[in-house]
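Read the structure below first, then the notes.
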Amino acid sequence: MAATSKKEKPNVVFVLGAPGSGKGTQCQNIVDDYGYVHLSAGDLLRAERKVSGSEYGELIENHITNGTIVPVEITCSLLVRAMKESGKNNFLIDGFPRNKNNLDGWMAEVGPEKANVKFVLFFDCDKSTCVDRCLQRGAAGSGRTDDNRESLEKRFNTYMNDTMPIIEQFRSNGLVRELSANKAVEEVYIEVKSKCEF
C-alpha cells in the first residue's frame, strides 16, 4: 500500500448558513452526487460529548446548551481526525468556521499547507424560516437539545454577530457561492449545482 504521506492535500468546501438553513440536507445531496465526505462540526461535537470519559464532553455540552461556540482547538482536532479516518480527499465541512477565532484556529492548526479551501457555500435564509424548520425538526424528534426557541434565539444571534463577518471576509476574497435557501429543497439544489464546481 502506498504511503499516505504522499497523498494530495484534501479539498475542503466550508458550508455556512444560519441554523435551519438546510446545510445538512444539501450536503447530503452533494455527497450522493459528487462523493464528498460530509463533516458536520456540530455533529462531531455532539458525538464527542457522548463519548464515555471524553475530556471535552462536559465543556461541549455547556457550549451547546448556551448556544455559544466551542473552543476552536477542540473543533479543529475533531475535524482533522475525521478527515484522516475517512481516507478520502474531498470534504464538506458544515457549520465551520463560525467566528474569527474558528478561522484563526483553522489557519493555525490546518491552513493552506494541510488543506485546500475551494470555496464557501453560503445558504442565505431568513430567520423566521430557519426557526420554523428547527422547531419542526425538534418536534419530529431530532434528538437535538438545541432545537427549541430559546436556544435558537441565542444561536441565531451568535450566527449574525460572529459568523456573518466571516462570510463577508471570505466574500472579499471571492470565495463565497451564495444561495437563497428560503426555497424548496429541490430548487435550492438546482442552484447549488449551477453555481458550484465540485
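Since every read-out is calculated from the coordinates, none of them should be taken as a lab result. Please read these numbers as outputs of a predicted model, since none were measured by experiment. Reconstructed Cβ throughout: ideal geometry from the backbone, glycine too, with neighbour counts over all protein chains shown.
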### Task
Provide Rg over Rh for the range 72-162; use the alpha carbon set for both Rg and the Kirkwood Rh (inverse mean inverse pair distance).
1.02
#### Entry: Residues K50, K114, sorted so that the one with the fewest Cβ neighbours within 10 Å comes first
K50, K114
#### Entry: For the range 86-198: relative contact order, % (alpha-carbon pairs under 8 angstrom, 6 or more apart)
37 percent
### Message
How big is the dipole moment of the range 13-190 about its Cα centre under a simple scheme where the beta carbon of each Lys and Arg is +1, that of each Asp and Glu is -1, and everything else is neutral? Debye, nearest 20, please.
### Response
100 debye
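Suppose the chain between K114 and F198 were pulled fully straight at 0.36 nm per residue; how much longer would it get relative to their current alpha carbon spacing?
Contour length minus Cα-Cα distance gives 28.3 nm.
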### Query
So between S180 and V31, what do we pick up on full extension, going 0.36 nm a residue minus the alpha carbon distance?
51.6 nm
## Note on the structure
Scoring only Lys, Arg, Asp and Glu (+1, +1, -1, -1) among other residues with Cβ under 14 Å from the Cβ of Y36 yields 0
## Note on the structure
By the Kirkwood definition, with r running over pairs of different Cα atoms, the range 13-190 has a hydrodynamic radius in Å of 16.6 Å
### Summary
FRET efficiency for L59 and K100 from the Cβ-Cβ distance with R0 = 30 Å, rounded to 0.05, comes out at 0.90
### Task
Return the long-range amide H neighbours of F119 (sequence gap of 5 or more, or a different chain), with a cut-off of under 5 Å between placed amide H atoms.
F14
### Query
Listed here are the pairs K88/K183; K84/K154; K114/K154; K88/K127; K114/K193; which of them are more than 29 Å apart at the Cα?
K88/K183; K84/K154; K114/K154; K88/K127
### Message
Given contacts defined as C-alpha pairs under 8 Å and at least six residues apart, what's the relative contact order of the chain, whole-number percent?
### Response
33 percent
#### Entry: Whole-Å distance, taken between Cα centres, linking the range 26-73 and the range 92-151
10 Å
